[in-house]
Amino acid sequence: MKKLLMVALFAIVAVGASAQKNFTVWWGGNVSNVTDGDSEFKALNIGVSYTAPIADAFDWSAGVSYTTKGGKGWDPGFIQLEGNGAWNFVENEEAKVGIFTGPYLGFMVSNDEDAIRPFETNTVDFGWQGGLVAGWKFLSLKVGYEYGFCNLAKKIDSKPGDFFFRIGVRF
């Protein structure tokens, strides 16, 4: 599994390095919770993404990241793959603003076992995300919400939900 994720990361880096301002390295945070749980700010979210145009005002992007989720007192870490489509309602040579949406797939790579006992956890998270994306010169900002369709803890209602922000540098 780790080899597959490393190959995906290398492919995104290799493709993005050859494209002008289509490759973004970002850091972000989220306010994360699970169904009926307390929310908590998580500051360990890093990733890379590649963006390319589809048509005049439309883009697609693919990315990979390390993201923390969970809720108050529980900090599981995920390697997350995501794909988004975006409609840019403002676009010129220096700036771009749009709305995005698309699916994500996450694989749990670290778990805080003491915080979730006695429940067994699922290691896969699949969901949908959407929000606003903006770029100005070499800077990128993305804010949105993602909702998971899978319970993170087995046998209880524990679907993840996150309000997130990402600040990045475009190459």
Which is under 19 Å from V25 (Cα atoms), among the hydrophobic types (A, V, I, L, M, F, W, C) and crowded, with 18+ Cβ neighbours inside 10 Å, of F171, F138, F100? F100
Kindly check whether there is at least one residue in segment 46-60 that is part of a loop (DSSP other than H, G, I, E, B), at pLDDT below 90 and open to solvent by less than 60 Å² (accessible area, probe 1.4 Å). no
Anything in segment 108-135 that is open to solvent by 80 Å² or more (accessible area, probe 1.4 Å), acidic (D, E) and part of a loop (DSSP other than H, G, I, E, B)? List them, or say none. E120
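Give segment 63-74 a look and list any residue that's among the charged types (D, E, K, R) and open to solvent by less than 10 Å² (accessible area, probe 1.4 Å), or say none. Steps first, answer last, please.
Start the filter on segment 63-74 by keeping residues that are among the charged types (D, E, K, R), which leaves 69, 72.
Of everything in segment 63-74, just one residue is among the charged types (D, E, K, R) and open to solvent by less than 10 Å² (accessible area, probe 1.4 Å), namely K69.
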The conditions are (1) over 18 Å from the mean Cα position of the chain (by Cα); (2) closer than 19 Å to V31 by Cβ, and A55 fails exactly one of them. Which is it? (2)
Inspect segment 139-153 for any residue being within 16 Å of V90 (Cα to Cα) and in contact (Cβ under 8 Å) with a residue 40 or more places away in the chain and give the result as yes or no. yes
Please verify whether segment 75-87 includes one or more residues that are farther than 17 Å from G102 by Cα, open to solvent by 20 Å² or more (accessible area, probe 1.4 Å) and either in contact with a helix residue (DSSP H, G or I) (Cβ under 8 Å, 6 or more places away or on another chain) or not in a strand (DSSP E or B) (or both). yes
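The values are calculated or read from the model by the stated rules, or taken from the named source; none is laboratory data. Keep in mind it's a predicted model, so treat the numbers as computed, not measured. When we count neighbours, we look across all protein chains shown, and the Cβ atoms used for this are built from the backbone with ideal geometry, even at glycine. With ligands, DNA and RNA removed, areas are computed over all heavy atoms of the protein, side chains included. Shrake-Rupley method; radii C 1.70, N 1.55, O 1.52, S 1.80 Å.
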